[in-house]
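Take a look at the structure set out below.
The values are calculated or read from the model by the stated rules, or taken from the named source; none is laboratory data. Note that the coordinates shown come from a computational prediction; the quantities given were computed from them, not determined experimentally. Cβ atoms come from the backbone with ideal geometry, glycine included; neighbour counts cover every protein chain shown. Side chains are part of the model used for accessible areas, which takes the heavy atoms of the whole protein and leaves out ligands, DNA and RNA. Shrake-Rupley method; radii C 1.70, N 1.55, O 1.52, S 1.80 Å.
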Amino acid sequence: MARLRVGVVGTGGIARNRHIPGYVKLQDEVDLVAICDVSKDVVTRTASEFGIEKAYTDYREMFDCEKLDAISVCTPNSFHAPISIAALERGIHVLCEKPLALCPEEAKNMIRAAEQAGKTLMTGFHYRFQAEAQAAKRVIESGELGDIYMVRVQAIRRRGIPGWGVFTNRSLQGGGAMIDFGVHLLDLALWLAGNPKVVEVTGVISAHLGTQPNVNPWGPWDHEHFEVEDHAAAFIRCEHGMAMQFEASWALNVAQSVENVSFSGTHAGLDVFPFQLNKAAHGMLLNTKPAWMPGEQDNVGDLEIAEFVHSILEERTPLVTVQQALQVTEIVDAMYRSAERRASIQLA
Ligand SMILES: NC(=O)c1ccc[n+]([C@@H]2O[C@H](COP(=O)([O-])OP(=O)(O)OC[C@H]3O[C@@H](n4cnc5c(N)ncnc54)[C@H](O)[C@@H]3O)[C@@H](O)[C@H]2O)c1
């Protein structure tokens with residue numbers, strides 16, 4: 001059976017917690033031969049922790065020396081495009097962490113490089129692999145909800161500002177709660193709704209809590225150099241009368257954190273987290289929860305890495321397509337432009 005020679009660029013939190021362990025578990029299909037990080041200290045420690053033979057501080061050198069088939073890009077967002085394009089131009093498949101890119105132009109350049117090379121470019125939208133998300137996809141595709149006309153997207157942390165890395169640096173990350181956390185739930189909502197065409201976006205962003213000393217169970221962060229939004233709200237108008245109400249926060253004065261996508265259709269409604277089907281039947285209003293669903297015990301990170309590897313080996317399109325990742329980037333970009341101009345942005 002064919003095996004892939006794999007490398008990882010950026011060996012911080014997500015690489016060590018998800019990508020590297022995910023590849024290590026695919027022993028029959030993957031040789032994790034090399035990793036790279038601009039920090040010599042970080043890459044050396046990670047290589048020794050996971051028993052990886054080669055450690056580089058320059059990704060181009062790693063690409064040129066290691067004859068890699070595939071890589072993960074796990075760096076801050078501003079490096080996603082240059083590293084992915086450099087890999088694709090050398091014929092290397094890419095699993096790029098989310099968001100795909102800082103702006104639609106970058107994303108389109110990445111897609112062009114993938115198309116020209118004939119290689120896979122997948123984005124790390126791992127929420128799609130959760131058991132509830134897969135169940136919601138089956139229910140929606142069965143038509144049980146009827147025509148969906150209202151979608152609520154909530155990616156709300158009461159307090160959860162990431163204080164490590166460069167998450168609060170605008171030029172390196174491109175934004176805050178929306179581009180970092182909101183993109184997961186936005187992608188999930190769009191994918192479940194069948195990626196409808198979006199025609200108009202109205203966004204409002206703010207940074208009231210992140211810029212002041214505050215309580216943060218995730219640990220300290222530098223509130224004096226907090227350059228991004230801690231909260232984003234948006235209204236997204238889709239074709240055929242579907243509306244999406246979107247909220248993302250790293251810190252907000254609410255009773256509790258909420259991660260959910262909720263659909264309302266002409267026949268029934270559905271909450272994804274926790275999973276619940278809401279409908280009227282037999283003269284009653286019924287809320288139905290699952291007693292069991294497949295995949296409840298699965299590790300979504302492992303499923304994401306396996307999907308990338310298997311899509312390459314089976315020469316098929318991965319579950320997360322580049323056009324879907326581009327749509328998320330276009331909407332996030334429109335939200336930021338709308339917030340800045342204090343006006344709605346028309347798309348398409
Ligand atoms: N899918 C998820 O749920 C999820 C969760 C966390 C982070 N992420 C994404 O993963 C990426 C990294 O986040 P993290 O939490 O691991 O951050 P991190 O700060 O822990 O790690 C990033 C690493 O990249 C290295 N790096 C920076 N520039 C580099 C370059 N040019 N070449 C090689 N290495 C470079 C840094 O030295 C650092 O070790 C971000 O894009 C983030 O959005 C995704």
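Here residue 65 sits with roughly 80 square angstrom of accessible surface, probe radius 1.4 Å.
Reported to the nearest whole Å, the Cα centre-to-centre distance from the stretch 114-143 to the stretch 216-231 is 31.
To the nearest µm²/s, what D does Stokes-Einstein give for the stretch 157-202 at 4 °C and 1.567 mPa s, using the Kirkwood radius over alpha carbon pairs as Rh?
Details: Rh = 12.5 Å.
Rounded to a whole number, D works out at 104 µm²/s.
Relative to the globular-protein estimate of 2.2 N^0.38 Å, the Cα radius of gyration of the stretch 1-76 stands at 0.98.
With Cα atoms as the point set, the stretch 205-287 shows a radius of gyration and Dmax of 17.9, 58 Å.
Projecting label points 7 angstrom from Cα along Cα→Cβ for residue 337 and residue 297 puts them 4.9 nm apart. Compared with the direct C-alpha span, the chain from residue 116 to residue 310 gains 67.7 nm at full extension, assuming 0.36 nm per residue.
Residue 108 contributes about 90 Å² of solvent-accessible surface, heavy atoms of the protein only, 1.4 Å probe. Nonpolar atom fraction for the chain, defined as the carbon and sulfur part of the 1.4 Å probe accessible area, stands at 50 percent.
Over 24 Å between Cα atoms: which of 25/54; 67/119; 25/289; 40/119; 98/137; 197/279 fall into that group?
Details: 25/54 19 Å; 67/119 15 Å; 25/289 33 Å; 40/119 29 Å; 98/137 21 Å; 197/279 27 Å.
Violating the 24 Å limit, Cα to Cα: 25/289; 40/119; 197/279.
Let me make sure I get this right: for the stretch 32-87, a, b and c are the square roots of the gyration tensor eigenvalues over alpha carbons, sorted descending. Under 1.5 in a/c it's rounded, otherwise prolate if a/b > b/c, else oblate. Which is it? The shape class here is oblate.
For the chain, the longest stretch holding no chymotrypsin sites (Phe, Trp or Tyr not before Pro) located in a DSSP loop with at most 15 other Cβ atoms within 10 Å is which? That would be 1-163. Normalised Debye scattering of the chain at q = 0.08, 0.09, 0.12 Å⁻¹ gives log10 I(q)/I(0) of -0.40, -0.50, -0.90, counting only Cα atoms as equal scatterers and leaving out solvent. What would the Debye formula give as log10 I(q)/I(0) at q = 0.09, 0.14, 0.22 Å⁻¹ for the alpha-carbon point model of the stretch 104-243, no solvent? Ignoring solvent entirely, the Cα scatterers give -0.37, -0.85, -1.34.
Quote the FRET efficiency, to the nearest 0.05, computed for residue 64 versus residue 211 with a Förster distance R0 of 41 Å and r equal to the Cβ-Cβ distance. Mind showing how you got there, number by number?
On the way: r = 43 Å, r/R0 = 1.05.
With R0 = 41 Å, the Cβ-Cβ based efficiency is 0.40.
Once the Cα atoms are used to define both axes, helix 322-341 deviates from the longest principal axis of the chain by about 70 degrees. Our summary gives the stretch 1-154 a relative contact order of 18 percent, counting only alpha carbon pairs under 8 angstrom and 6 or more residues apart.
Which value at 222 nm does the chain reach when only helices count, each DSSP H run of 4 or more adding -39,500 (n - 2.57), with the total divided by all residues and rounded to the nearest 500 deg cm²/dmol? Don't jump to the answer; show the numbers that get you there.
Details: 10 runs with 109 residues, N = 348.
Helix contribution divided over all residues of the chain: -9500 deg cm²/dmol.
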